[in-house]
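Enquirer: Shown below is the structure under consideration.
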Amino acid sequence: MFSIKDRATHLLMSRIRKTAQVTTAKRIGNFLLQLDLQLPQPLPCRCTQHLKCEVGTHAYRDYTVANWNAGTQTATLLINCDHEGTGSYWAMDLQPGEEVFYIGPGGGSAQPDTRHVVCIGDACAAGHFHSLYQHISPEQDFHCFLQLDEPNTSQVLQMPVQPLSNNEHYFTDLQEWLFHYQFPVTNTTYYVAGNHQLVRLVRASLREQGASVKSHGFWG
């Protein structure tokens, strides 16, 4: 049985879906996958927009466009495959030359104008945060605290990353780093994304301090 929402999405996909071609599918670390898709149409210039991809029969997943190359019309997705599920199996099986069906882009937001942009989350938020990094201005400082299964992954994400423990100690690690930097409340925007429990915990802690927080729960 499929839900009403699944049926509505399937009907929409069948009417207006587009076809992209996979140009790159490679692992970054153990579970993070870089997927490059050549799109038939250009994307607007805005951060954290996503593509809704068809990953199975009546199954769809939203993936943030981590980077957009206008010259080659290539969208880069960073997909965390450290979870058993249709989306992970679909992503790991893709090969260059294969087709991907999608609709979008959807979502997206304006880049904040605060001096400091601070991103906090787990591996599934890597693409979301990379999109923010790509739109950073020369006057802004960017910091990313990311929970990774393999800390060395941070060296190939092409953005500054402070890896957090991938266990129950991650919140302690985060608090120590935030204390070290002492970001000014009035000139800092925090982005928190990933597992719902992590998002709730970090968001509540930051808001208790009067911080400006934009949050997005992806799973869990």
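Enquirer: Scan (1) in contact with a Cys (Cβ under 9 Å, 6 or more places away or on another chain); (2) crowded, with 16+ Cβ neighbours inside 10 Å for the single condition R27 breaks and write down its number.
Expert: Every listed condition holds for R27 apart from (2).
Enquirer: Restricting to segment 70-80, give me the number of residues that are at pLDDT 95 or above and either within 17 Å of the chain's Cα centre (by Cα) or open to solvent by less than 20 Å² (accessible area, probe 1.4 Å) (or both).
Expert: The qualifying residues number 6.
Enquirer: Within segment 36-63, track down each residue that is open to solvent by 70 Å² or more (accessible area, probe 1.4 Å) and basic (K, R).
Expert: Within segment 36-63, the subset open to solvent by 70 Å² or more (accessible area, probe 1.4 Å) is 38, 40-42, 45-46, 57, 61-62.
Correct list: R46, R61.
Enquirer: Taking the criterion of being open to solvent by 30 Å² or more (accessible area, probe 1.4 Å) and either in contact with a helix residue (DSSP H, G or I) (Cβ under 8 Å, 6 or more places away or on another chain) or among the basic types (K, R) (or both), would at least one residue in segment 86-96 satisfy it? Reasoning before the result, please.
Expert: The initial filter retains those residues of segment 86-96 that are open to solvent by 30 Å² or more (accessible area, probe 1.4 Å), namely 86, 89-90, 92-93, 95-96.
Adding the requirement that they be either in contact with a helix residue (DSSP H, G or I) (Cβ under 8 Å, 6 or more places away or on another chain) or among the basic types (K, R) (or both) leaves none.
There is no residue in segment 86-96 that is open to solvent by 30 Å² or more (accessible area, probe 1.4 Å) and either in contact with a helix residue (DSSP H, G or I) (Cβ under 8 Å, 6 or more places away or on another chain) or among the basic types (K, R) (or both).
Enquirer: Can I ask one more? Given (1) at pLDDT below 95; (2) of a type outside the set (V, I, T); (3) part of a loop (DSSP other than H, G, I, E, B); (4) farther than 27 Å from Q162 by Cα, where does E84 come up short, assuming only one miss?
Expert: (4)
Enquirer: Suppose the filter is part of a helix (DSSP H, G or I), touching a residue at least 60 places away in the same chain (Cβ under 8 Å) and β-branched (V, I, T); does V202 pass it?
Expert: Details: part of a helix (DSSP H, G or I): yes; touching a residue at least 60 places away in the same chain (Cβ under 8 Å): yes; β-branched (V, I, T): yes.
Taking the combined requirement at face value, the residue satisfies it.
Enquirer: Something else: Given the conditions (1) assigned to a strand (DSSP E or B); (2) surrounded by 14 or more Cβ atoms within 10 Å (Cβ to Cβ), and given that T19 satisfies all but one, which numbered condition is not satisfied?
Expert: Of everything listed in (1) assigned to a strand (DSSP E or B); (2) surrounded by 14 or more Cβ atoms within 10 Å (Cβ to Cβ), T19 misses just condition (2).
Enquirer: Only one of (1) free of Cβ contacts under 8 Å to residues at least 60 places away in the same chain; (2) crowded, with 17+ Cβ neighbours inside 10 Å; (3) in a helix (DSSP H, G or I) fails for W177. Which number is that?
Expert: Failing condition for W177: (2).
Enquirer: Output the number of the condition that Y63 fails; it satisfies all remaining conditions of (1) in contact (Cβ under 8 Å) with a residue 60 or more places away in the chain; (2) farther than 23 Å from I136 by Cβ.
Expert: Evaluating Y63 over (1) in contact (Cβ under 8 Å) with a residue 60 or more places away in the chain; (2) farther than 23 Å from I136 by Cβ leaves (2) as the failure.
Enquirer: Looking at L32, is it under 19 Å from L132 (Cα atoms), touching a Phe, Trp or Tyr at 6+ places or on another chain (Cβ under 7 Å) and not small (G, A, S)?
Expert: no
Enquirer: Is it true that A66 is surrounded by 19 or more Cβ atoms within 10 Å (Cβ to Cβ), hydrophobic (A, V, I, L, M, F, W, C) and either touching a His at 6+ places or on another chain (Cβ under 8 Å) or outside any strand (DSSP E or B) (or both)? Outline the logic, then answer.
Expert: Values: surrounded by 19 or more Cβ atoms within 10 Å (Cβ to Cβ): yes; hydrophobic (A, V, I, L, M, F, W, C): yes; either touching a His at 6+ places or on another chain (Cβ under 8 Å) or outside any strand (DSSP E or B) (or both): yes.
Yes: the conditions hold for A66.
Enquirer: Going by the conditions given, is V192 touching a residue at least 12 places away in the same chain (Cβ under 8 Å), in contact with a Gly (Cβ under 8 Å, 6 or more places away or on another chain) and outside any loop (DSSP other than H, G, I, E, B)?
Expert: Numbers: touching a residue at least 12 places away in the same chain (Cβ under 8 Å): yes; in contact with a Gly (Cβ under 8 Å, 6 or more places away or on another chain): yes; outside any loop (DSSP other than H, G, I, E, B): yes.
Answer is yes for this residue.
Enquirer: Check Y102 against each of (1) modelled with pLDDT of 95 or more; (2) in a helix (DSSP H, G or I) and name the one condition it does not meet.
Expert: (2)
The values are calculated or read from the model by the stated rules, or taken from the named source; none is laboratory data. Please read all numbers here as calculations on a predicted model, not as lab measurements. With ideal geometry, Cβ positions are generated from the backbone for all residues, glycine too; neighbour counts draw on all protein chains shown. All accessible areas refer to the heavy atoms of the entire protein, side chains included, with ligands and DNA or RNA removed. Shrake-Rupley method; radii C 1.70, N 1.55, O 1.52, S 1.80 Å.
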